[in-house]
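Notes for the one structure printed next.
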Amino acid sequence: MVDLERIKKETFEKLELSHRNPGVYNGKWENFSEKDSISIRSPIDGSDLGQISVATQENYDKTVKILKKSFEEWSQVPGPKRGMLIKKISDSLDKNKELLGRIVSLEVGKTSVEGQGEIQEMIDVGYFATGMGRQIYGNTIASERPNHVLYEKFLPLGIVGVISAFNFPSAVWSWNSFVAATVGDSVIWKPSSKAALTSVAVMNIIGRVMEEENCPPIFGLVNGRGSMVGELLAKDTRIPLVSFTGSVKTGRHISTMVSERFGRTILELGGNNCAIVSEKADMNIALKGVGFGALATAGQRCTSTRRAVVSEKIYEKFKEKLIEAYRKARIGNPLEPGVLVGPLIDSEAVRNYEKAIEKAVSQGGKVLVGGKIFNEVQTGNYVEPTIIEAKGDMEITKEETFAPILYLFKYRTLEEAMEIHNSVPQGLSSAMFTTDLREEEFFLSSRGSDCGIANINTSTAGAEIGGAFGGEKDTGGGRESGSDAWKAYTRRITITKNYGKELPLSQGVKFEL
Ligand code: UN1
């Protein structure tokens, strides 16, 4: 049995967290406000993890002003140098990886390895951004006019707002922030109020590096509720870009407010990710891929596998083996070694799990395994991972429920599988398990997966930071993290330069003055 109290004490001490933590950082911590605070409870055992103060409008304004000033200085620093600061941050996160991972586990209930993985994801994107500091490039384009050059430059945008969700309380922030900072922006962070402690722990580490490096405060933090801080950010014309991760409903609201002022958004909203398992799949890989996708983070990833569409030729065998694997998966305290499925974030998530199962059953679904609250652990936040055999076009399978519920479908032809796959409003991640080249290329073609992420023989979950992350349809269309996602954090200028002795006009227009 792990000694939770000891772990808490040690982690808090080393990360300089207390029972009452300030929640606003703008180069220095703003004092704990007595007026309003967020209470954090661990989903592991319901115990009190302390309080985080909530930003007032004044705190918010002051932070934006400071970040604006920092931007002016920081955007003048050469890209490779900016990248080197991010490297130092990554080095420091690496040194504190174990402790930070523990905070993630304590606060949002991730298993130890997944908590560590979350921090590793920050470290990775930091090193990626370091290299990127030397690769902020634009195209040179052939001009139609003699003695002319046509090219483009990507300049920093200003202050980028990042609103992050509880399930990846620091990694998704870093995808946005490290890339944005490397292209020359400053960043204001509004974390989920369910994961405010992680944000304070991360800023404690980063703040120290910034001080040592004598760097202007380019990373600000304003904890608070979405209805207050989120709204302020969305309406604030000083914030040219808002990156939001969360529900479709809130994303739609934020997006409307930001676009009303012609601001830009990067939206990473819901996923309803599907895996197609062909009769030509390697059964072991498919079982592990679907199992990991559906069970990791207790089904609380945007990339979690929520539907599996299996060829009728192997359906029964696959079903049997998957049920067997589910029965073996250990549920419980996520800090215990060997546990695969930790708690859901809170009692509301448990209610949503129960409601979804009820709806599925009333729509004709059959519970094959799981379906109940897991009573062996006291807090009530633990649920049994569930597989539901779907019947026909069940409405509930079109919704994203943040819980370990997997809907199982059977297909006859690949076209039929693809239709089921693409029949949901969301379009984040997808996977196909097959060893047939024709099948995989069909899946990756314009008639195939309609998602932003399409994987072959690996899970819908667990993307690497090197690729662009995001999806289509109700997922919102944004791209973050790797590849050329950095461009979204810049403004592009197109430049035409005439180095000749005449003034020829484009399109052959003559204009004799
Ligand atoms: C999310 O759930 O919002 O691909 C992000 C994955 C992780 C990130 C998930 N690397 O599962």
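The values are calculated or read from the model by the stated rules, or taken from the named source; none is laboratory data. Keep in mind it's a predicted model, so treat the numbers as computed, not measured. FYI the Cβ positions are ideal-geometry reconstructions off the backbone, even for glycines, and counts take in every protein chain you see.
When the stretch 247-270 is examined, which residues are found to be in a loop (DSSP other than H, G, I, E, B), small (Gly, Ala, Ser) and surrounded by fewer than 24 Cβ atoms within 10 Å (Cβ to Cβ)? So that I can check it myself, show each step before the final result.
If we filter the stretch 247-270 for residues that are in a loop (DSSP other than H, G, I, E, B), which is where we start, we get 247, 261-263, 269-270.
Filter once more, so that each one left must be small (Gly, Ala, Ser): 247, 263, 270.
Hits for the stretch 247-270 are SER247, GLY263.
I want to confirm something. Restricting to the stretch 271-310 and keeping residues that are over 22 Å from VAL248 (Cβ atoms) and assigned to a loop (DSSP other than H, G, I, E, B), which single residue is farthest from the ligand (Cβ to nearest atom)? Ranking the qualifying residues of the stretch 271-310, first place goes to GLU279.
Looking at the structure I just gave you, is VAL125 part of a helix (DSSP H, G or I) and free of Cβ contacts under 8 Å to residues at least 12 places away in the same chain? In short, no.
Just for the stretch 411-424: of the residues that are in contact with a Ser or Thr (Cβ under 9 Å, 6 or more places away or on another chain) and not aliphatic (A, V, I, L, M), which one is surrounded by the fewest Cβ atoms within 10 Å (Cβ to Cβ)? It comes out as ARG412.
Would you kindly identify the strands (runs of 3 or more DSSP E) lying entirely within the stretch 136-220 that contain at least 1 residues that are surrounded by fewer than 23 Cβ atoms within 10 Å (Cβ to Cβ) and at pLDDT below 95? Full working, then the answer.
Working: elements: 148-156, 159-163, 186-190.
Here the list is empty.
Can you spot a residue in the stretch 451-459 that is within 12 Å of the ligand (Cβ to nearest atom), in contact (Cβ under 8 Å) with a residue 40 or more places away in the chain and of a type in the set (Gly, Ala, Ser)? Yes, the conditions are met somewhere in the stretch 451-459.
Does LYS510 meet the test of being in contact (Cβ under 8 Å) with a residue 40 or more places away in the chain, more than 11 Å from the ligand (Cβ to nearest atom) and out of contact with any Pro (no Cβ under 7 Å at 6 or more places or on another chain)? Don't jump to the end; show me each part of the working.
Details: in contact (Cβ under 8 Å) with a residue 40 or more places away in the chain: no; more than 11 Å from the ligand (Cβ to nearest atom): yes; out of contact with any Pro (no Cβ under 7 Å at 6 or more places or on another chain): yes.
Spelling it out, it is not the case that LYS510 is in contact (Cβ under 8 Å) with a residue 40 or more places away in the chain, more than 11 Å from the ligand (Cβ to nearest atom) and out of contact with any Pro (no Cβ under 7 Å at 6 or more places or on another chain).
Under the condition of being polar (S, T, N, Q) and in a strand (DSSP E or B), the residues counted in the stretch 31-50 number 2.
Scan the stretch 460-479 residue by residue and report those that are hydrophobic (A, V, I, L, M, F, W, C) and within 10 Å of the ligand (Cβ to nearest atom).
Of everything in the stretch 460-479, those that are hydrophobic (A, V, I, L, M, F, W, C) and within 10 Å of the ligand (Cβ to nearest atom) turn out to be ALA461, ALA463, ILE465, PHE469.
Among the residues making up the stretch 377-408, those that are buried (at least 22 other Cβ atoms within 10 Å of the Cβ) and not β-branched (Val, Ile, Thr) are ASN381, TYR382, PRO385, ALA390, GLU400, PHE402, ALA403, PRO404, LEU406, TYR407, LEU408. One residue alone among GLU354, GLU336 is in a helix (DSSP H, G or I), out of contact with any helix residue (DSSP H, G or I) (no Cβ under 7 Å at 6 or more places or on another chain) and of a type outside the set (A, V, I, L, M, F, W, C), and that residue is GLU354. ILE323: over 14 Å from LEU406 (Cβ atoms), assigned to a helix (DSSP H, G or I), among the hydrophobic types (A, V, I, L, M, F, W, C) and modelled with pLDDT of 95 or more, yes or no? It is false that ILE323 is over 14 Å from LEU406 (Cβ atoms), assigned to a helix (DSSP H, G or I), among the hydrophobic types (A, V, I, L, M, F, W, C) and modelled with pLDDT of 95 or more. Reported count of residues in the stretch 166-196, each being more than 16 Å from SER53 (Cα to Cα) and either in contact with a Cys (Cβ under 8 Å, 6 or more places away or on another chain) or within 16 Å of the ligand (Cβ to nearest atom) (or both), is 14.
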